[in-house]
Every structure is written in C-alpha cells, then in structure tokens.
Amino acid sequence: MATQAANNTSIDSSSNKRKGPASSGMIDPKALMQIKNLEMRARVVVEGFYHGLHRSPFHGFSSEFTEYRSYVSGDDTRFLDWKLYARTDRYYVKKFEDETNLRCYLLSDHSRSMGYGSGSYSKAEYAQTLSATLAYFLFKQGDAVGLLSFDDDFREYIPARNRPGHLRQLMHGLERPVSGRNTDVIAPLKQSLQLLRKRSLVILISDLLAPIEDLEAHFGYLAASGHDMVVFHLYDPVEMTLDLEGAGLFVDLETGRDFHVDPEIARESYLEKFNAHNEKISDACRNTGIGYTLLCSDYPLEVALSEFLQERQSKGRRIMRSTGNPGRNHS
Amino acid sequence: MSFLTPLYALGILAIGLPILLHLIQQAPRKRKEFSSLMFLSPTPPKRTKRKKLDQILLLVFRCLILCLLALAFARPFLKSDNPFVKSDKIEDYYVFLVDSSASMMRGDLWNDALEELGKSLEEVQEEDRACIMHFDTRLVQVLGFDDWKEMGSIQGQQTAVERLRNVTLSWNATHLGAALINASEVLDEVLTQSGKPSPDSTLKIVVITDLQNGSRLDELQGYHWPENLLVEIHPLVPDQTTNAGLQLVGRIADSLDQDSKVQNRIRVTNSMDSEQESFQLEFQEISENGAQKLSSMDVYLLPGQSKVIQTPPMPAEEGNYLKVLLKDGGADYDNGLIVPPTESRKSLVFYIGEEDPNNPEDAYYYLQRVFQLTLDREVTVESQLVKNAPTQEMITRAQEADMIVVAGSPAKPWLPILQQYVRGGGRILFAMKNADMSRDLEKLLEVPALLAVESTRSKYSMLEKLDFTHPILLPFGSSRFSDFTQVHFWKYRNLQVTPIDNANVLAYYDDGAPAWIEVAQGKGQIFIMTSTWKPQDSRLALSTKFVVLLYSILDRGQSFYSEVGQHQVGNTITIRDFLSLEDYTGLQIEKPDGQKIPLNEETSQFSDTDQPGMYQILNGGRRIKSFAVNMDPAESRTGQMSIATLKRMDVPFERFDATRKVIKVLDIEAQPQLAVEVEKQQKLWRWLVLATLVVLILETGLAGWKAKNQKSPKGVS
C-alpha cells in the first residue's frame, strides 16, 4: 500500500536529486513558496491535474450504471433489477460506477516541530501548501473538502463542503500560524475523528514526531474508525541527514529541552534512530491499511499530488478486486 | 612586610583559574533550534587546549586582581614604617602579681596560676627586668628586679615559680586595687633608682588572678596611672564554679536586757556563676568538749542571690560559741562561720564642759544622745563641770575613760591630768567653743604660742580636703558616704597649726583654715575640732555623719573592722578594746591551730590573725577571753568580675597609641594584639582594595573594547 517514496524510507540525498524539479521539469518548492497567496500556490500546482483519477470509497445508490451481471448466491438482493427479471425471468444484478462526490478532510499538524525548516521555509509552510494544493484539487473536482487542524490539542474544524466561498475559508484556516508546543499526534487526531460522523477520506499531514509505541498503538484505532486514511509523513531534508555544521546547544522546539550536540558525532546514531522510526511508522501504516507517503519538504508538490493520486487509483483497483463486485460496498 | 592574617594570602593560588580558563578554549555554546531531540543524544562539548596563552594583557589584569584581593585580605603591615617599632633593644620592666587570696584555694586554681606565670615569664626577654609578687591584702615580693637581673631570665623564671610553689595560700581577702597601685609604685621606684628610664621602655603589670567579684578595687578610684604603664590581666577559671558563702550580719534580741535571748543573723550568698541552688546549713555548738550539732536547715538560693537567716539562740554556757557550717556549698574554704558569744563592749566617755544636758542648743545635749545602748556596745557618758577642780574620784574616772571630751576651758588642775591621760594612750576630743581655748591647747600640747582667731566670714563654710585614708575618716571613704557638703559651719576658729608637731590636719574649711586636726601625743591622740557641733556653730550634730564620726574617734576606726564582735582575717586587733586589764604583760594568744603568740605588752595589739577560727587569750595558760576571726565575706563572691569593671577604673589596658613607642620588633610577632594595632594604624589593605578596583575597571574596559572589535571572540571574555 505504501508508495515508492514511502518504501524507500532510508532516503539519502540522491533521492532528492532523482525527484528534483530540475530533472522532472516540476516547480521548485523554493520558488513556489515565494508566492505569498496560499490559494495561488495551490492553483499553480494543480495546473495539469484537473481530472481526478481517484475513486470514492463509497459505492452507493447514486452511482452511474455500468453493466449487468448474473446473480449469484450471496449477492445483495437490493441490487437485483426487478424490471429486467420481469422481462427476462432471470436475475441480474446492476453494477454501478460511483459518481458520489468525495468527502475529504485535511488534518493539518500545527505543532511547534512543524515550524522547523532548514531552508527558506518551514515544514509547516510546506504542509500548508500541500494541504492547499490537495484542497484546491479536490474542490475543483467537485469533492467536499473540510479541514481539521491541531497541535497539542484540537484547534480548528471546517466541515467538508463544496460550495462557493468554502475554498477561501479553507485557505484562511490553513494560513493559521504554528502555535502549539507539544505534538501528541494521536490524541487530537482521535478527538478530531470523533467529529467526523460520515466516513470520509482523511489526509493527515504531519512530521509524526512522537514515540513510535504510541503511534503504532493508535494507528490501529484510526484504521478501525472506518475512514479512508492517507498519511503524508513530512520531514525536512536536514532532519533526514542531520547535515548540520558545528556543535552547539540544540533546543527541542516542542519541549524546550536543550543539550549540547555535536552533529558529527551524533549523526550516525541519529540516522539510525530516525530511519528506524520511519520504518516502524511505515510498517504500522501498511499493517493497518493506511496510505503512507514519506515526503521531504524539498520535493516538488506535484510529486506529492501525483503520488497521492496514484495511491488513490491503486486503492480503487484493490477495492474492486477485493469485492469482485464493482456495484457493492466492501465495508 | 608582615601579615596579620597570612593564611588569606593563599588566595593568590586562585590565579591558576584564569590561566586555566585562558588555556582552555571552550566550544562556543550556540543555540540551535531543532524540531525534536528525540533521536539525538547529548555529546559532551569539546574543549581544546591551547599551548599558547591568549589575551595576555587581560590575563595579567585578572591575575593581578586576585593577587591584590588576596593580599588585602591578608591584612599586611610594614614593620619598618611602624611608629611603634624601635629596632634597638630596650629594657622593659614587668611586675607579675599572683593572687594568693583565700579564693585561690578553689580547685586547682593555684597550680593553674603557677602554670600561667611560667608561660607569662617565658615572654620576658633576656634584656628585660621582672619582679614577681603575690598578693592578697598585702603585697609580698617573691623575686625582685635585682634578683632577676642577677639570675637571668631562665633561672629567674624557675626560681620565681619554685618560690611561689612553697607559698601557703592565705585566708586573706583580695585587695586587687591596692596591689595594682603598689606594683605601679614599685615600678616607679625602680625606674627612679635606675636613673632616667628610656622613654621607649614598656612598664607592664601582669596580674594572674581568679578575678573574683569580691576583689577590692576602691583604691583604684581616682588613681593617676603613670603614662607608659600597661596592665595585663590573666584571669583564671576554676573547674567548679559553684560556691556559696556565709557572713555574720548582726544580732537581734527581744530587748536590751541582760537576760534576753540573743540571736544572730547570717547572710548566705550564692555565687553568680554557681550551678547549685540548694544548700544545707548546720549549726553546731562548740564547747571545750567538742562540737555538738544543734540543728540544720535547707536554704534555696538562685545563683547571685543572698538570704539572711536567723541562727538558733547562742549557747548559754560561757565560753561556748556557735559555728555555722554550709554543706555542699562548693569550695570548702568559705563554708564555715564562727559566731562569737555575745559580749557587750563597755566604754566610758568623760565629758568636761559646762553645758546643760537638756538644752538642745548645747553640745552636751547631742553628745549624750550619740552613745546609745546597743547589744554590742554600752557607752557611758559622764559629765563634769569645767570650773570644778578635779577630785580624786574624778581623776580615777577620767583615767578609766576611753575618751575624754573637752568642750570648754577646763580648770587648771585638769591640764596635767589630761596630759598624763593622753600620753598613757588615751584619746581626747578637744572641741574649741571659742578662740580662747587655744590657751588651754597650748598648755595641753606644750606648744609655746598657739594663735587662734574667730572666723569673720559672713557666709557658712563647708569642709574640704578630707583625708579619707585616715582611720578616723575611713568609714566615710566610700563615695556613698563621702559627701560632707551638707555640713555647714557658721562659727569656727582659725587655728594656726604650724607650731604643733605631729599635727595631722584631717579636714579644712573652704577658706583654707584647718577644721579637724589630730595630734599624736605619747601613746594617745588629741582630736581637735576648731568648731563645735552645737547648732549655733554648725550643722554637724544634726547631720548623719555625727554619730559615725564620734564612734570613729572613740575607737579610732577600729569598731568598723570588728562589727558585731567579730574580726576578719588580717586585721590587727587591739585587745584593750574588749579586755580591760591593768597590765598586759605575760599574755598569750592561742591561734586556732594551737600556736601560741605572746602579746605586745605596750600596745596590746595582735596582728597575726592569719586564719579563721576562735582565738584564745591566755594568761599563764588560763583562758581569760576569746575572740572570733572570720574570713572576709567578700572572698566568697567568686563570680568572675568583668574586665569592663577595671576599665571603668581607668586601668590602662590599651593605652599605647601612635605617639608612644613602646613596642619592640620582636614583640609584634609575639603579641598579636600589638600587630593588630600596627595594622590598624597603617591600613594598607585600603590601598590594595583601591588598586583592585582600578585594575578591575581597566580589565572591564579592555575586555569590552576587545569584544567590540572581535566579531567572534575566542576564549573567555
């Protein structure tokens, strides 16, 4: 389920180059971040991705009819075409292509650790732009998009809608500055998901800097909540490599704790722990059916978007394969 | 240069710290924010050692600051610039006084005193001279200045301590004041004898004493101390401070009849620093057969308190007496008190005058009222008219009299009788009621011409220049009683005393005329008053001094030493005062320890009262009289006296100052107190602190300037 990027959790600096804007002709995030207007940024990225390739996880009654197939024992009798049975005296089951608008919630982590950025912008700004891009993309497709932001506690809730002016409201919500201190990702997440009564696509964008034991324990709960979840695990290039010069007093942005660190000495053990952490998150997501994308904040946003769409497409296919009946809900 | 507190100079070692800090380049502690430290572990900061010192000038400043501060705390002083210091060897004079009074019998005090003396004597330099004495009521020389010089300091020390070890402690009181003054005079005398002393010489009196509260200091009042004399007190502290004492304070009786029972009152005093509050008193009757316990009682006394207790009635049998014992009263030396048998002293005052005994304007009226009957004293006053020629009976009575008062010109036949009376040891009070009485005085004193004129002053006169050291005026010696300004004299005679040999003027009027004169004549004395006490002449008879004065003249001060019939250790006792005999030859006094001393026949005086107890007067081996001698109650007040008390008496403890050069180079090292004084005078530490501040300002300025000019200052700044 995890994407190619996610599988390659121990990314080295060469992966950046491989996916760099120069090689792919994509927009450099640095250049993109120069645009002050968040909506404008999103619009630029979404250019060329107008047609959505994703599928809704709902396969309800309002879906467009595609074909008939013979009834086999065990099929839901609700889908039997009684008129056709009257005419032909055979049982046929209707098969639908889902046309229902996707209900999508963007869960944005606003904790202090997201405020870190080794370059000209922080992870939070990147996450904002990514959220805005996804929101814009989905909104333009006619999907209902909502927003849930949190730091050490649940902060803001904009219900998923698709009506004029809603996009602007979303953008305002996304532009909220990073304010929290601690990131207990799970607790506010659980709290937020309780708000979402209807099943939705939930996109979590966070650096997931929390003890892996807590994350593992709670991912199961999230998966069981019935929502379709996608996690964008965001990191800064420096966090990936600890490519810092000179020793100094390192201050934890979230807890304020500080101690002396010499990156030269600490790098090896850091990378080991960091990669192990990422791998465990990736495994946890894989095991619990959560879509996982490891994303570096210097990746072009198109990569994120395309990987998101690819992931959605593949998931759609998997659903169809697993049910064997495109007209029925697997859940 | 020397240091008062040299250990502080060790602070200089702290300069190692800035040097070390300058050698170590500490990694710059830049703060770097990072998203999370959960994957990081602390790494110790790297410190790199440099072989070369950085910022030399700053380092020098910092080291200098530490050095200056350390030196300032060490309190330096210069010996060479010291105004006290004299490099030449100077002869210093020391008098060592060791207390040998009764209170030194407590615990191991005497041995402590000898040990302390040994230590103090070690401080005496080879070229100095010392004199060692011990004192109680007297001052006894153990080793003189000359002996010390002959023996040299080392042998002198040994001899002095050895001789003192053989001294038996006396039962006497501590007359510290008198001892100090005598020692001062001894020093003065020695300096006078040895020619002109060096102005740089130190004269020092070192007193080794238990410094008990009962030490007598009266003599120090108003004493003018020699300029360059210093007194050093080495107080000794006993192991056991608990002590209580006894004192006989008086007698009481229901009436003055012979048959009435007389009881004694004794004062029990607990010492200030006593640790005990409960004592037991035991009363014993002492007879020839030995002691018999009469009764006992418990006394509860807080430290510093005293209580007057009534004793059981005196033993009825003649010759027996009462002894009071204090059980658990701390040191033993003062736990016994002898209460002598009640014996009324009888005296006869023979008055020769012509005044009416019932007229309050007359002198005789007051005289007969002075001598009232008391438990201890019965004074009879007999009056004879001056005009009457003496009969044989009168002559006999006059000769028996203890004092003859002449208050008017006596008939001529009286004069040889009076002369004979005085020469035989009698006392005459000669009150001049007019200037003409000088004629009688001429004849009495056998002086060619004695001039006396009536005073012509319109205002009253007061007495001045009273000689309180004279036995007669001694009772008024204390400052509480020495105020005579209320005694006004309106009429008096200005008597020319120069022709009289042996005239001792005890008091003058404020115009310089002699008021009271004592003239020794043979064995006796004539006390001349140039004014009488009757209200026409003066207010003397109406003043509180009068009764005391007349008793003092009658007994010539003796009565005040033998209050309530007891005597104190060290007193000289005149047997005649309480035992009238025609002849005192062959009499012996048996001391409490059994020793028999023959009595001085002429004076009938006994001065060997060196121990408390009952003294027996023997005539041919037969006891005819006894008298009790007790220890001075002041000796029981063993709480330690404050040095401040002596300072109030102007005893020169710290009299040396910048103008006097009394300290030698060697002494500064040996005497921390003097070093402190020298250091106080110079106060070099102030300059060092000032220098520290200056260097500190320079250092701050330099460091600030460097920090400004260096973007990333290395090392410590």
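Any chance you could list P(r) for the range B:244-339, counting all Cα-Cα pairs in 10 angstrom bins from zero, rounded to whole %?
Each 10 Å bin holds this share of Cα pairs: 16, 47, 28, 9, 1.
Please compute the length gained on full extension between B:Leu702 and B:Val140, using 0.36 nm multiplied by the number of residues separating them and subtracting their Cα-Cα distance.
Numbers: separation 562, 0.36 × 562 = 202.32 nm, distance 7.30 nm.
Extra length from B:Leu702 to B:Val140 when fully extended: 195.0 nm.
Taking Cα pairs under 8 Å and at least six residues apart, what relative contact order does chain B come out at, in percent? All intermediate terms of the calculation are to be shown ahead of the outcome.
Details: 1412 pairs, mean separation 108.2, N = 717.
For chain B, the relative contact order is 15 percent.
Determine the gain in length on full extension of the stretch B:Arg623-B:His224; use 0.36 nm per residue of separation and subtract their C-alpha separation, reporting nm with one decimal. Could you put the intermediate results ahead of the total?
On the way: separation 399, 0.36 × 399 = 143.64 nm, distance 4.93 nm.
Full extension from B:Arg623 to B:His224 adds 138.7 nm.
Along its three principal axes, how long is the range A:132-178 when you only count alpha carbons? Whole Å, largest extent first please.
Taking max minus min along each principal axis of the Cα atoms, the range A:132-178 gives 32, 16, 16 Å.
Could you compute the FRET efficiency for B:Glu127 and B:Ser607, with r as their C-beta to C-beta distance and R0 at 45 Å, rounded to 0.05? Before the final figure, lay out the partial values.
Values: r = 41 Å, r/R0 = 0.91.
Computed FRET efficiency for B:Glu127 and B:Ser607 comes out at 0.65.
Averaging the inverse of every distinct alpha carbon separation and then flipping it gives the Kirkwood radius. What is it for chain B, in angstrom units?
Working: mean 1/r = 0.0313 Å⁻¹.
Evaluated over chain B, this radius sits at 31.9 Å.
Label B:Val237 and B:Arg439 with points 7 Å out from Cα along Cα→Cβ: what is the distance between them in nm?
7.5 nm
Determine which residues of the range A:159-174 fall in the zone a paramagnetic label at A:Lys198 would reach in this model, i.e. backbone nitrogen under 17 Å from the point 7 Å along Cα→Cβ.
From the range A:159-174, the list is A:159-164, A:166-167.
Can you give the average number of partner chain beta-carbon atoms within 10 Å of each beta-carbon in peptide A:247-260, as a whole number?
Numbers: counts 9, 8, 9, 10, 5, 7, 5, 5, 3, 0, 3, 7, 7, 7.
Mean partner shielding for this stretch: 6.
Structure shown: which of B:Lys387/B:Lys433; B:Lys119/B:Lys680; B:Lys491/B:Lys545 lie over 24 Å apart, alpha-carbon to alpha-carbon?
Details: B:Lys387/B:Lys433 15 Å; B:Lys119/B:Lys680 28 Å; B:Lys491/B:Lys545 19 Å.
Too far apart for the 24 Å limit: B:Lys119/B:Lys680.
Hey, for a label at B:Leu294 modelled as a point 7 Å past Cα toward Cβ, could you say which residues of the range B:323-344 have their backbone N under 19 Å away?
Once the point is set 7 Å along Cα→Cβ of B:Leu294, B:323-327, B:335-344 turn out to lie under 19 Å by backbone N, inside the range B:323-344.
Which FRET efficiency, nearest 0.05, do B:Lys119 and B:Ile12 yield, Cβ-Cβ r, R0 35 Å? All intermediate terms of the calculation are to be shown ahead of the outcome.
Details: r = 35 Å, r/R0 = 0.99.
Here the calculated transfer efficiency is 0.50.
Label points 7 Å out from Cα along the Cβ direction at B:Leu302 and B:Leu542: separation in nm?
Spacing of the two 7 Å Cα→Cβ label points: 4.4 nm.
When a/c reaches 1.5 or more, the comparison of a/b and b/c decides; with that in mind, is the range B:375-430 rounded, prolate or oblate per its Cα gyration tensor? It would help to have the intermediate numbers written out before the result.
Numbers: a/c = 1.72, a/b = 1.46, b/c = 1.18.
Prolate, because a/c is 1.5 or more and a/b exceeds b/c.
How many percent of all Cα-Cα pairs in the range B:458-561 sit more than 18 Å apart? Provide the component values of the computation, followed by the final result.
On the way: 2447 of 5356 pairs.
Value for the range B:458-561: 46 percent of Cα pairs lie more than 18 Å apart.
Based on other C-beta atoms within 10 Å, arrange B:Glu677, B:Glu189 from fewest to most. Spell out each step's value before the answer.
Numbers: B:Glu677 20, B:Glu189 11.
Arranged by neighbour count, lowest to highest, B:Glu677, B:Glu189 become B:Glu189, B:Glu677.
Assuming a ≥ b ≥ c are the square roots of the Cα gyration tensor eigenvalues, decide whether the range B:88-234 counts as rounded (a/c under 1.5), prolate (otherwise, with a/b larger than b/c) or oblate.
Oblate, because a/c is 1.5 or more while a/b does not exceed b/c.
Just check the range B:345-560 against the gyration tensor rule for me: Cα atoms, a ≥ b ≥ c as the square roots of the eigenvalues, rounded for a/c under 1.5, and otherwise prolate or oblate depending on whether a/b exceeds b/c.
Rounded shape, in that the Cα axes give a/c under 1.5.
Provide B:Cys131, B:Cys63, A:Cys285 in ascending order of the number of other Cβ atoms located within 10 Å of each residue's Cβ, fewest first.
Values: B:Cys131 24, B:Cys63 19, A:Cys285 27.
In order of increasing Cβ crowding within 10 Å: B:Cys63, B:Cys131, A:Cys285.
Ranked from highest to lowest mean number of other Cβ atoms within 10 Å per residue, what is the order of the peptides A:115-126, B:503-514?
So the peptides A:115-126, B:503-514, ranked by packing, come out A:115-126, B:503-514.
Just to verify a number: FRET efficiency for B:Thr572 and B:Asp593, C-beta to C-beta distance, R0 = 22 Å, to 0.05?
Computed FRET efficiency for B:Thr572 and B:Asp593 comes out at 0.70.
What is the range B:427-490's relative contact order, in percent, from Cα pairs under 8 angstrom and six or more apart in sequence?
Relative contact order here is 27 percent.
Relative to the present Cα-Cα distance, how much length would full extension add between B:Leu78 and B:Glu400 at 0.36 nm per residue of separation?
Values: separation 322, 0.36 × 322 = 115.92 nm, distance 7.77 nm.
The span from B:Leu78 to B:Glu400 would gain 108.2 nm if fully extended.
Every number here is computed from the coordinates shown, using simple stated rules; none is lab data. Keep in mind that what you see is a predicted model, and the values were worked out from it rather than measured. For neighbour counting, all protein chains shown are included, and Cβ atoms are generated from backbone atoms with ideal geometry for every residue, glycine included.
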